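Participant: After the structure tokens below, expect a handful of questions from me.
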Amino acid sequence: MNTPPPAPLAFVADGRRLVAAVPGARWLESIVVWTPGDPDELVTGDVETAVIVLAGTFDLVANGTAWPARGARREQFAGRPMAVYLPPHTTFRVSKGSGRLLLVSARQPAAGQAPTGREALAKKPLLPLAGSGKAFDPTSGEWRPAETFPTAPESLPPRRFARLPVGGCTLERVFAADYKAATLCLDEVVLPAGVTLPLGEVPDRPPGDEVLLFVHSEGEAVVGTGTRVTRSHGPGAFRLSPEQFAGLAVRAIDQRAYVAIGYAGKPASGS
């Protein structure tokens, strides 16, 4: 089955960013294509954010944690992704590079009863060892990478991503369902020219109440039964229900098409 998608979200230019808000969504807030200056920065606000380096190489810093020379592809249509997880209220700085970033942001579930004692201390890096990248976890009594704490920004290299075959393509699972993000999961896949991807065939589809589909084509791509995404008109983004998502297909007509899929609202946050 290949059904018509809803109307695409509207991208609005905001300086070096193309921003599409997701009106009426419970979890999803926005998707942004950012061509940062050198240097440049943003603050995430009251959302968690998945960042994918679409193209280029950058020095990245989030809340004081630095990752130099991140990014390994000249364009999103070839090569493997590199990603960063940004928790709410994170200052994210970019420098010493050029290229494009994709940011998908979603609201976290409302906080329940605040943890206390050791549980509270285990949420963020404690007593970080200077120069080691490690912090103390009172629940295990061990020193572990500071980035792995739930409230810490984290850089995810390609080796962290599962590669899953689907429709003659290889899908990269950037944020899996068991990743520490409270609400977001994220996939990306590149379609060769002439290939159709039925989205219902995405393997082990991550959970979520809402799905955000992003399509950017080198030439022309078709979403559903006739919504066209062309290079000359820029990328397309669509807010979908899980049922709508499963009924759609994306086809790369004449050149490659890049597809990112954000899933928002894990079961624990959707209750």
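Participant: Would you be able to tell me the number of residues in the stretch 22-68 that are among the hydrophobic types (A, V, I, L, M, F, W, C) and touching a Lys or Arg at 6+ places or on another chain (Cβ under 7 Å)? If you could, list the steps in order and put the result at the bottom.
Facilitator: Keep residues of the stretch 22-68 that are among the hydrophobic types (A, V, I, L, M, F, W, C), which gives 22, 25, 27-28, 31-34, 42-43, 47, 50-55, 58, 60-62, 66-67.
Of the ones still in play, those that are also touching a Lys or Arg at 6+ places or on another chain (Cβ under 7 Å) are 22, 25, 27-28, 32-34, 47, 53-55, 58, 60-61.
Qualifying residue count for the region: 14.
Participant: What number of residues within the stretch 150-163 satisfy the criterion of being free of Cβ contacts under 8 Å to residues at least 24 places away in the same chain and farther than 19 Å from residue 54 by Cα?
Facilitator: Selection size over the stretch 150-163: 0.
Participant: Hey, can you tell me all the residues within the stretch 90-111 that are polar (S, T, N, Q) and in contact with a Pro (Cβ under 9 Å, 6 or more places away or on another chain)?
Facilitator: Within the stretch 90-111, 90, 95, 98, 108 meet the criteria.
Participant: Another one. Which residues, counting only those in the stretch 164-179, are within 25 Å of residue 87 (Cα to Cα) and either without any contact (Cβ under 8 Å) to a residue 12 or more places away in the chain or in a loop (DSSP other than H, G, I, E, B) (or both)?
Facilitator: Narrowing the stretch 164-179 to residues within 25 Å of residue 87 (Cα to Cα): 171-179.
Listed by number, the residues that qualify are 176, 177, 178, 179.
Participant: Right, next: Among the residues of the stretch 80-104, which ones are surrounded by fewer than 23 Cβ atoms within 10 Å (Cβ to Cβ), of a type in the set (Val, Ile, Thr) and in contact with an Asp or Glu (Cβ under 8 Å, 6 or more places away or on another chain)?
Facilitator: The answer is 91, and nothing else.
Participant: In addition: Could you figure out which of (1) touching a Pro at 6+ places or on another chain (Cβ under 9 Å); (2) modelled with pLDDT of 95 or more isn't true of residue 162?
Facilitator: So residue 162 meets the others, but not (1).
Participant: Separate question: So which of 190, 202 is more than 19 Å from residue 55 (Cβ to Cβ), modelled with pLDDT of 95 or more, in the same structural domain as residue 224 (by TED's automatic domain parsing) and not acidic (Asp, Glu)?
Facilitator: Residue meeting the stated conditions: 202.
Participant: Of all residues in the stretch 54-79, which are among the hydrophobic types (A, V, I, L, M, F, W, C), touching a Ser or Thr at 6+ places or on another chain (Cβ under 8 Å) and either crowded, with 22+ Cβ neighbours inside 10 Å or not in a strand (DSSP E or B) (or both)?
Facilitator: 58, 60, 62
Participant: Which of the residues belonging to the stretch 47-85 are among the acidic types (Asp, Glu) and modelled with pLDDT of 95 or more?
Facilitator: 48, 59
Participant: Across the stretch 200-218, what is the total count of residues that are of a type outside the set (Gly, Ala, Ser) and in a helix (DSSP H, G or I)? Outline the logic, then answer.
Facilitator: Just the residues of the stretch 200-218 that are of a type outside the set (Gly, Ala, Ser), to begin with: 201-207, 209-216, 218.
After this cut, where a residue has to be in a helix (DSSP H, G or I) as well, the list is 201.
Matching residues across the stretch 200-218 total 1.
Participant: Scan the stretch 152-185 for residues that are under 17 Å from residue 263 (Cα atoms) and among the charged types (D, E, K, R) and jot them down.
Facilitator: Scanning the stretch 152-185 gives 172, 173, 178, 180.
Participant: Another one. For the stretch 1-53, give me every one of the strands (runs of 3 or more DSSP E) that falls completely inside it and has 1 or more residues that are without any contact (Cβ under 8 Å) to a residue 12 or more places away in the chain.
Facilitator: Hits in the stretch 1-53: 12-14.
The values are calculated or read from the model by the stated rules, or taken from the named source; none is laboratory data. Because the structure is predicted, anything quoted here is derived from the model rather than measured. We place every Cβ from the backbone using ideal geometry, glycine too, and count neighbours over all the protein chains shown.
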